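Asks: I am attaching a structure below and will ask some questions about it afterwards.
The values are calculated or read from the model by the stated rules, or taken from the named source; none is laboratory data. As the structure is a computational prediction, the values presented were derived from the model and not from experiment. Reconstructed Cβ throughout: ideal geometry from the backbone, glycine too, with neighbour counts over all protein chains shown. Note: accessible area is taken over every heavy atom of the protein model, side chains too, but ligands, DNA and RNA are not part of it. Shrake-Rupley method; radii C 1.70, N 1.55, O 1.52, S 1.80 Å.
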Amino acid sequence: MVVLALFSADSLDNASEIATTLAVIFVMMGFIGLFSILSSRYLLPRLFRRIADNKDVFLIVAIGWAFLFIAIAEGFDLSVEVGAFLAGISLAQLPYSKELEDRITPITDFFILVFFASIGLQIEGLGSLLAFWQEAAVASVVLMVGNFWIMFYLIDREGFSVETSFIGSINMVQVSEFSLVVGALALAQGYIGPDVLGYLTLMALLTMTLSTYIIAYNHAIYERVSPWFSRFEDGKKADREIKEYNNHAVAIGYDEITERALPVLKDAYDDVVVIDRKTDHIEQVKDEKQYEYVFGDFRHKEVRKAANLSKASFVLSSSVQTEVNEILLAETNDEAVVFVEAERIADARRLYDSGAAYVILSTYLTAATLCEYLEQYFTDPSAFEAATQADIERIRQRQVATNDSSSLFESTPSTGGGADD
Amino acid sequence: MTEVVLALSVVFITASVLLVIANQFGFSPIPFYIIAGLITGVFVDQPELVELAQWGIAFLVFVFGLRLDVSDLQSVLRDGEVVAITQVAVVGPIAVIVGYLFAISFGFDEPIRNAIYFGAAATLSSTIVGAGVFKAELRNNLVHGRLASSIHLFDDLIAIAVVLVLSAEVITDPTVVTSKLGFGVLFLIAGLFIYRHGFELLVRAADGTDELVLMGSISILIAFMAAAEIAGISIVIGAFAAGIAIRNDRAESLSMRNGIESIKDFFVAIFFVTIGALVQLPDLEGLLIASVLIGLVLLVNPLIQLVTFLYEGYDSRTAFLASSSLNQISEFSLIIAIQALLLGTIADALFDAIILAAVTTMLLTVVGRRYEDQIYDRVVAPLVGGRQSRFVDTHSQVDERLSGHVVVIGYGRQGRQLVERLTELGEPYVVVDNDPALWEELDAECRNYVLGDAQNDYTREKARLNEARLLVSTVDHQPVSRSLLAVETDADMIVRASSSSEAADLLDSGATFVSVPSVLAADGLVDTVREVIEDDRELSRIKTEQLTTLRELERRGLATRFERS
């Protein structure tokens, strides 16, 4: 990031100039950074709490926020990348960041595609790419080996197990795509010629290609070489556990159905994670202080990952969207008990075939209950009175709890809420 | 590079601020994007933005193709075709003539082409705005939501054909137009050809990696667009065919669809803002054209639709609500306009007028929706009341001595089960439903029924609500529940709501009971959860039991006969 900022400065002729430029850059970045931290603490949570329920507004405001920082960075003569990075940091502090990440990533992917293609176009032919091929090959080897040992030393020193240190460092032997960003910027500013960019690109190509295979077979490689690495073994080293949900219960959508099942689940499981796409639902879960929560649309991968779905023992989905439930059934392990909801009988059958333990058909359950009430109405009025009063009480209780009747976006779907998209 | 970034900064920062406002008041984002454009247009003048906006068009149409469902097309043929065709056939020519008169009197070049631009803008209505506004109605399967979305779909398909024809340099030369149409058909055939295996191939080629599948589908989009460019037809057609080519509903394609949706939202924002930025301050000419356009869209269109819907046998409220949701300019008309601007074939005044009219009508749709019930009661109901009563009379069958009976509103899955139970109990009942498609079934299966709008006084009178002992409404729509509760009658009232907070309001308004599916379903569910947690061998028993119940329901014909709740 600092290098990027440095390159965007106008002249870098001698050491003192570089030093002053660096100092200015740090001060500027400090200012923007401070603004970013302050806003992430005071302004953004309020703003995003209002808009997070509407997914279009949510995305565009987040992008607008990024561009605000880009514009500020531009105004300070820093590179736009620095501004974008700082904007990202402030957004990452929000409880909605998982959801946002999943919305933004495809856009990033799209532009990365364009970016790398444009890097390719800037290199003037195969000649430029191969101009320093020997140097690139040597540098790649040095870089991969050097990078590995430096990372290994650093991770090992932190007291992680040898396997973790090995896998961690061997996964990082490639050239960062940031070097191409820097290279492209340097070319644009005229610091380097296309041949040097070609050299950087060739190095990236070589190391990235190799590391793809290294990462794919990292555990196999470790098994081969582990005897040599056993000298680094030391009884005291152990991986620190990152808290990860395991054998937990997951509820998708916080509505009347899941709300009543949550206490039962809490009795049986240590962790109960609620996933919902509505800010006020998440606030309620937060207020109850009983359950963990993830804000976001269950359709998004990062959201599912955050709830560690594959390790869950019990999942209760109150979404009636068959595709959501199918993903759910595909991602949970075979032992997990999965309750899902469906609107139609055909969907219910499909979900049973995909491995659902129980399919809630609330339309039919409601119809059945209503028919019963109807019968009681004619045959046993006091039973009718008792049954409906019990339900009315629940409705009243829930009303006190939610108090969301003024929401303008009642109609926006809350996957996983019970609503349909 | 920096200029583009700065221009984008202005675009997105302005759009963000306005979207926060729009969100606060519950408006659709599109008019606010355009207003953001009107503001930014003063500061930035970026030809590069127009390039980026083209991607917005491409993704908008791509996603439209991606979502196009064959069964949706069938429902268009079932419900909306007469109305849609009537509207296009009546309003289309009128609007084109009006447009031609404008073109002649203001001396536009290519008057016929400009007349068609005007006609398209006046005739077609918007999917995104309409669909956003009517999401809840569609979800609850209300008849007017279904009708409106059918017509939107029909209009969108017409719009794509119009784009295709207008991409011809000379529209008066039949050979050029036919060759464009020929190419368009070829693209669609290519899309449909790939459709069968397109997505599977993509997944196989990408080895299942989500990112690669996404990039692969975008590559297909770009390939189709490039081919369209080479064939000399609009990229809109290429993008549409590409969307059809990789259409897939299955769960595996979910992350690809999510990804495309995100990229679309990004470029669509640029597209609408850019459109706004391209508008000049309109002169008298522009304002005149805009107001005539607004008049056609707001008044003439809905009127023609209303009359046709009524003729088709829908009740007047459904007809009014469906047609009033169709009174805005389509985003496809904006695509047509900006493409024309890029080709240099649209008169500036007309372009400005179309954009201004679009903003106005899109805003008015959202505002109008809040008052539509009042507008209906004050304006429409008195006009069509008599005709309405005659229709109800000829399409109902109620024993005139009936009293102490149950009135069941809605003949969907719940309604049917209630009617079955009432028959078993030997209790008299009247079924009320407003869907003409159910008339034959009502006639065959129910002893007493009324085909009409439950909010209409005459329908209630016909159902003898005043003599009834109990009313059970299975319709999950607040206005219906509210208006039923307002009726002065001694009958007990059971209505339906989708959430507890809504239900509590209805209880306060005097409902005897409110059925909230999730509350009623939760009772049994919690027991099931408990049983399963205590002993997971219970699972297979519960599952077998439920499958038996499902078979029983299907046997009784309560599964999908008409997919309503």
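Asks: Just to check your reading of the model, which residue among B:I34, B:I21 is under 29 Å from the mean Cα position of the chain (by Cα), open to solvent by less than 30 Å² (accessible area, probe 1.4 Å), aliphatic (A, V, I, L, M) and within 21 Å of B:T360 (Cα to Cα)?
Replies: Details: B:I21 fails: open to solvent by less than 30 Å² (accessible area, probe 1.4 Å).
Just a single option satisfies the conditions, and that option is B:I34.
Asks: Taking only the stretch A:256-281 into account, find how many residues are in a helix (DSSP H, G or I) and touching a Phe, Trp or Tyr at 6+ places or on another chain (Cβ under 9 Å).
Replies: Initial filter on the stretch A:256-281 (in a helix (DSSP H, G or I)): A:256-268, A:279-281.
Within this subset, residues satisfying the condition of being touching a Phe, Trp or Tyr at 6+ places or on another chain (Cβ under 9 Å) are A:261-262, A:265-266, A:268, A:279, A:281.
Residues in the stretch A:256-281 being in a helix (DSSP H, G or I) and touching a Phe, Trp or Tyr at 6+ places or on another chain (Cβ under 9 Å): 7 in total.
Asks: With the structure loaded, tell me whether A:I257 is in contact with a Ser or Thr (Cβ under 9 Å, 6 or more places away or on another chain), at pLDDT below 85 and of a type in the set (A, V, I, L, M) or whether it fails that test.
Replies: On the way: in contact with a Ser or Thr (Cβ under 9 Å, 6 or more places away or on another chain): yes; at pLDDT below 85: yes; of a type in the set (A, V, I, L, M): yes.
Yes: the conditions hold for A:I257.
Asks: Let me ask something else about it. Hey, can you tell me all the residues within the stretch A:41-71 that are in a helix (DSSP H, G or I), more than 10 Å from chain B (Cβ to nearest Cβ) and either farther than 27 Å from B:I30 by Cβ or open to solvent by 20 Å² or more (accessible area, probe 1.4 Å) (or both)?
Replies: Once the filter is applied, which keeps residues that are in a helix (DSSP H, G or I), more than 10 Å from chain B (Cβ to nearest Cβ) and either farther than 27 Å from B:I30 by Cβ or open to solvent by 20 Å² or more (accessible area, probe 1.4 Å) (or both), the stretch A:41-71 yields A:R41, A:Y42, A:P45, A:R46, A:R49.
Asks: Where residues in the stretch A:394-418 are surrounded by fewer than 18 Cβ atoms within 10 Å (Cβ to Cβ) and part of a helix (DSSP H, G or I), which of them is modelled with the lowest pLDDT?
Replies: Ranking the candidates gives A:A401 first.
Asks: What are the residues in the stretch A:170-186 that are more than 16 Å from A:V141 (Cβ to Cβ) and among the polar types (S, T, N, Q), if any?
Replies: Scanning the stretch A:170-186 gives A:N171, A:S176, A:S179.
Asks: Please identify the pairs in which a residue from the stretch A:17-36 that is farther than 20 Å from A:L91 by Cβ has its Cβ atom under 7 Å from the Cβ atom of a residue that is assigned to a helix (DSSP H, G or I) and not acidic (D, E), counting only partners at least 6 apart or on another chain.
Replies: A:T21/A:L6; A:L22/A:L6; A:I25/A:V2; A:I25/A:A5; A:I25/A:L6
Asks: I'd like to check something: does the stretch A:296-315 contain any residue that is at pLDDT 85 or above, over 19 Å from the mean Cα position of the chain (by Cα) and hydrophobic (A, V, I, L, M, F, W, C)?
Replies: yes
Asks: Looking at the stretch A:127-155 only, could you name the residues that are farther than 17 Å from A:T209 by Cβ and over 34 Å from the mean Cα position of the chain (by Cα)?
Replies: A:G127, A:S128, A:A131, A:F132, A:Q134, A:E135
Asks: Residues that are at pLDDT 90 or above and more than 9 Å from every other protein chain (Cβ to nearest Cβ): does the stretch A:352-375 have at least one?
Replies: Looking for residues that are at pLDDT 90 or above and more than 9 Å from every other protein chain (Cβ to nearest Cβ), one finds none in the stretch A:352-375, hence no.
Asks: Restricting to the stretch B:314-365, give me the number of residues that are closer than 26 Å to B:V379 by Cα and either open to solvent by 10 Å² or more (accessible area, probe 1.4 Å) or part of a helix (DSSP H, G or I) (or both).
Replies: 20
Asks: Where in the stretch A:72-185 are the helices (runs of 4 or more DSSP H), entirely inside, with at least 2 residues that are among the aromatic types (F, W, Y) and surrounded by fewer than 16 Cβ atoms within 10 Å (Cβ to Cβ)?
Replies: Values: elements: A:80-92, A:97-122, A:125-130, A:133-157, A:162-170.
The qualifying helices (runs of 4 or more DSSP H) are A:97-122, A:133-157.
Asks: Here are some residues: B:R250, B:R257. Which one is under 30 Å from B:A7 (Cβ atoms) and within 14 Å of chain A (Cβ to nearest Cβ)? Lay out the reasoning, then the answer.
Replies: Values: B:R250 fails: under 30 Å from B:A7 (Cβ atoms).
Exactly one of B:R250, B:R257 is under 30 Å from B:A7 (Cβ atoms) and within 14 Å of chain A (Cβ to nearest Cβ), namely B:R257.
Asks: Here's a follow-up. Quick one: which helices (runs of 4 or more DSSP H) sit completely within the stretch B:174-266 and have at least 2 residues that are open to solvent by 70 Å² or more (accessible area, probe 1.4 Å) and of a type in the set (S, T, N, Q)?
Replies: Working: elements: B:174-195, B:198-205, B:210-231, B:235-245.
Per the criteria, B:174-195.
Asks: Moving on to the next point. Give just the number: which of (1) open to solvent by 20 Å² or more (accessible area, probe 1.4 Å); (2) at pLDDT below 90 does B:V532 not satisfy?
Replies: Every condition holds for B:V532 apart from (1).
Asks: Right, next: Just a yes or no: is a residue in the stretch B:369-378 open to solvent by 10 Å² or more (accessible area, probe 1.4 Å), within 14 Å of another protein chain (Cβ to nearest Cβ) and part of a helix (DSSP H, G or I)?
Replies: Keep residues of the stretch B:369-378 that are open to solvent by 10 Å² or more (accessible area, probe 1.4 Å), which gives B:369-375, B:377-378.
Those left that are additionally within 14 Å of another protein chain (Cβ to nearest Cβ): B:369-370.
So of that shortlist, the ones also part of a helix (DSSP H, G or I) come out as B:369-370.
Looking through the stretch B:369-378, at least one residue is open to solvent by 10 Å² or more (accessible area, probe 1.4 Å), within 14 Å of another protein chain (Cβ to nearest Cβ) and part of a helix (DSSP H, G or I).
Residues checked against (1) out of contact with any Asp or Glu (no Cβ under 7 Å at 6 or more places or on another chain); (2) of a type in the set (S, T, Y); (3) within 14 Å of chain A (Cβ to nearest Cβ):
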{"position": "B:G410", "(1), (2), (3)": "no, no, yes"}
{"position": "B:R421", "(1), (2), (3)": "no, no, yes"}
{"position": "B:G426", "(1), (2), (3)": "yes, no, yes"}
{"position": "B:L442", "(1), (2), (3)": "no, no, no"}
{"position": "B:E461", "(1), (2), (3)": "yes, no, no"}
{"position": "B:N466", "(1), (2), (3)": "yes, no, no"}
{"position": "B:D476", "(1), (2), (3)": "yes, no, yes"}
{"position": "B:L484", "(1), (2), (3)": "yes, no, no"}
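Asks: Scan the stretch A:73-88 and give yes if some residue there is more than 22 Å from B:S255 (Cβ to Cβ) and within 9 Å of chain B (Cβ to nearest Cβ), otherwise no. Show your work before the answer.
Replies: If we filter the stretch A:73-88 for residues that are more than 22 Å from B:S255 (Cβ to Cβ), which is where we start, we get A:73-87.
Next, from what is left, pick out any that are within 9 Å of chain B (Cβ to nearest Cβ): A:74, A:80.
Checked the stretch A:73-88: at least one residue is more than 22 Å from B:S255 (Cβ to Cβ) and within 9 Å of chain B (Cβ to nearest Cβ).
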